[in-house]
Amino acid sequence: MLKDKVPISVGQDGQALATLKAKAFPFASVAPRAADVLRAGARPISGGAFSALHGACLVGSVALWPILLHTSTQSVPLTLLGPLMVDPDRQGSGLGSQLMATALDFADAQALPPVMLVGDMGYYERFGFSNALTQQWTVPGVAAAERVLLRQAPHAQAPLTAMAAQVLPAFAPPCGKQAAA
């Protein structure tokens, strides 16, 4: 239940976003996290970056990014959701759920490809995410297989099935098909 509804706006400010990320994720990682690698050098999907403001202060954020799922025979577009960030002082207020609902409503309204994220099943399952189809997927960077979650696109005419695949940024070729140096 949302305790204190915060207005959600489209767009994000780079410096405020970096400050929020440092507060929301204070731990340091030795290796690059999978979602960070998938987003590196990319821009969020047009209209798919959402911010929650309390006055002039950024207190929450989430964005949708284009990525690809490469199999041995095809490349399938996916949408990466993340990072979902909420100021630690506002966690437990329902703001994360509000941001998730906004992002997923946008993805559905725009008929975006299935949405993938790297996160805790206990939190994201209520939004329709599961790891049932992603067990054979590899992602760049660090991510435990059980944390790679997928939400099928409700409008998909051909839903994804379990398969061995590699998740990469939308602008990257699969490793086996890179040009020779």
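Below is a table of values for the structure above.
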item: Residue check for ALA181: at pLDDT below 90, under 15 Å from the mean Cα position of the chain (by Cα) and more than 13 Å from ALA35 (Cβ to Cβ); result: no
item: Among the residues listed as ARG33, ARG43, the single one being buried (at least 18 other Cβ atoms within 10 Å of the Cβ), under 30 Å from LEU160 (Cα atoms) and among the charged types (D, E, K, R); result: ARG33
item: Tally, over the stretch 125-170, of residues that are over 13 Å from THR71 (Cα atoms), aliphatic (A, V, I, L, M) and in a strand (DSSP E or B); result: 4
item: VAL115 in contact with a Phe, Trp or Tyr (Cβ under 9 Å, 6 or more places away or on another chain) and either touching a residue at least 24 places away in the same chain (Cβ under 8 Å) or of a type outside the set (D, E, K, R) (or both); result: yes
item: Scope the stretch 16-38; condition closer than 22 Å to GLN91 by Cβ and either assigned to a helix (DSSP H, G or I) or touching a Lys or Arg at 6+ places or on another chain (Cβ under 6 Å) (or both); matching residues; result: ALA16, LEU17, ALA18, THR19, LEU20, LYS21, ALA22, LYS23, ALA24, ALA35, ASP36
item: The stretch 139-151 residues that are crowded, with 16+ Cβ neighbours inside 10 Å, paired with ones that are of a type in the set (Val, Ile, Thr) and part of a loop (DSSP other than H, G, I, E, B) (beta carbon under 8 Å, 6 or more apart); result: VAL148/THR134; VAL148/VAL139; LEU149/THR134; LEU150/THR134
item: LEU80 vs. criteria within 21 Å of LEU112 (Cα to Cα), crowded, with 22+ Cβ neighbours inside 10 Å and touching a helix residue (DSSP H, G or I) at 6+ places or on another chain (Cβ under 6 Å); result: yes
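The values are calculated or read from the model by the stated rules, or taken from the named source; none is laboratory data. Nothing here was measured: the structure is a model prediction, and the numbers come from that model. Neighbour counts are summed over all protein chains in view; Cβ atoms, including those assigned to glycine, are modelled from backbone coordinates with ideal geometry.
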